[in-house]
Structures are given as C-alpha cells and as structure tokens.
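A short write-up of the structure that comes next.
What follows draws every value from the coordinates through simple rules; no lab data is involved. Everything quoted here is computed from the prediction, not taken from an experiment. Using ideal geometry, Cβ is built from the backbone for each residue, glycine included, and neighbour counts are taken over all protein chains shown.
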Amino acid sequence: MKVKKTVKLIDLVGEIEMQIDDTFTYINSATGEVFMLTREEIGAAEDEDPLEKFPEWQRENIEKAIQVLEDENGIYIDFTLRNDFNEYELMEDFIGALEDEKIREKLFEEIQGRGAFRRFKDSIIEQGVDKQWYDYKERKIKELVIGWCKAHDIEIQY
C-alpha cells in the first residue's frame, strides 16, 4: 500500500539511532506517525491480556500493537531495520575513509575487543574528528532510510 501521508525523515532517522533490542518500529501509512513497540507490548496484544494489567503509560502502545496485529489493510508498515544498520561496520568505514594515517591506526586499535564503542567515542573527541564522525553517521543513516523508503514507495518529508 502506498503511504497516504508523508513520513518525516527526522522521525525515521531517530528510530534508527535509538535502536533497542526487543523493540519494533512501525509507520502508520494513514497518518505518517512513526512509533516503537516493545516485544512485551506485542506479546500482550497477542495474548489478549486485559489492559488493566498494565501501567497506564503502556496501555496506549498495547492498543497500537493490537491495531498492528489486526491490520488487514496494510496500514502499518514494519520499519524495524535493525539488521540493515550496523554501527560497528559504519565505524570501520569511517575510519578507513580518514586521510590521516596516524588517526586511522589509533582508531582501528580502539575498536578492537570489549568496550570498542566507548573507546571509539572517547578517541574521536581526543583526535578531533568527532564532528566528522557524527556528520558521516547521520549522512549514512539518511542514505539507508531514503533508500528503504524509495524501495517501499514511501514519501519522505525532509
């Protein structure tokens, strides 16, 4: 189904950046709304648990999960791109694209083993390439999102 409403690029990019295990992102094609559901909320909808069992703040999402599960018109589009975005690979690509060989070597060392993400974040600040990294990461995420939306015939609001 073609999305009737445009979807804000910033909303989709935000969902990619916030990826959390056991969550799933959906687009409501009738409204353009982007929202995230937890595995627990989807499970509650599948099990048809009474909403009163859940805290007030979670009930709205369980109701959305019910709508997603009962959607026969293709209104809800699964936008869970967890398998399409790998931040570690993105870090490797970024490092490989840096011109300064010493910085490249230092950053490649930092991303080996446990704690790679923390060491990388500290080191890009230390090396003065943090702005380059965040610009690069944002550009790559936007490319991923735009490509996905084109493939799924979804109109984006920039």
With +1 on the Cβ of every Lys and Arg and -1 on the Cβ of every Asp and Glu, and nothing else charged, how large is the dipole of the range 87-140 about its Cα centre, in debye rounded to the nearest 20?
200
Against the longest alpha carbon principal axis of the chain, how many degrees, from 0 to 90 and to the nearest 10, is the axis of helix 116-126 turned?
50
Leading residue at positive end of dipole, the chain (Cβ point charges), from Tyr134, Gly14, Gly147:
Tyr134
Alpha-carbon radius of gyration plus Dmax, which is the widest Cα pair, for the chain in Å:
19.2, 60
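Please give the contour-minus-distance gain from Asn83 to Lys4: 0.36 nm per residue of separation, less the Cα-Cα distance, rounded to one decimal in nm.
25.8 nm
Full-extension gain between Asn73 and Gln132, please, as 0.36 nm times their residue separation minus the C-alpha to C-alpha distance.
Once the chain is fully extended between Asn73 and Gln132, it gains 16.9 nm.
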Quickly estimate the mean residue ellipticity at 222 nm for the chain, helices only: each DSSP H run with n ≥ 4 gives -39500 (n - 2.57), and the total goes over all residues, rounded to 500.
-17000 deg cm²/dmol
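Exactly which trypsin sites (Lys or Arg not before Pro) in the range 108-158 are in a DSSP loop and have at most 12 other Cβ atoms within 10 Å? List each step's numbers first, then the result.
Numbers: sites: Arg114, Arg118, Arg119, Lys121, Lys131, Lys137, Arg139, Lys140, Lys142, Lys150; in loops: Arg114.
Here the sparse-neighbourhood loop sites are Arg114.
Pairs of Cα atoms under 8 Å, at least six residues apart: use those to get the relative contact order of the range 87-140, whole percent.
Numbers: 24 pairs, mean separation 15.7, N = 54.
Computed value for the range 87-140: 29 percent relative contact order.
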Note: probe point = Cα of Met18 + 7 Å toward Cβ; backbone nitrogen < 20 Å; residues of the range 80-101 passing the test are 80-87
Set Lys106/Lys131; Lys64/Lys121; Lys5/Lys131 screened for pairs whose C-alpha atoms are more than 24 Å apart
Lys64/Lys121; Lys5/Lys131
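Please list, by residue number, every one of the GluC sites (Glu not before Pro) in the range 35-137 that is coil in DSSP and has at most 16 other beta-carbon atoms within 10 Å.
Those satisfying the criteria are Glu48, Glu70, Glu72, Glu99.
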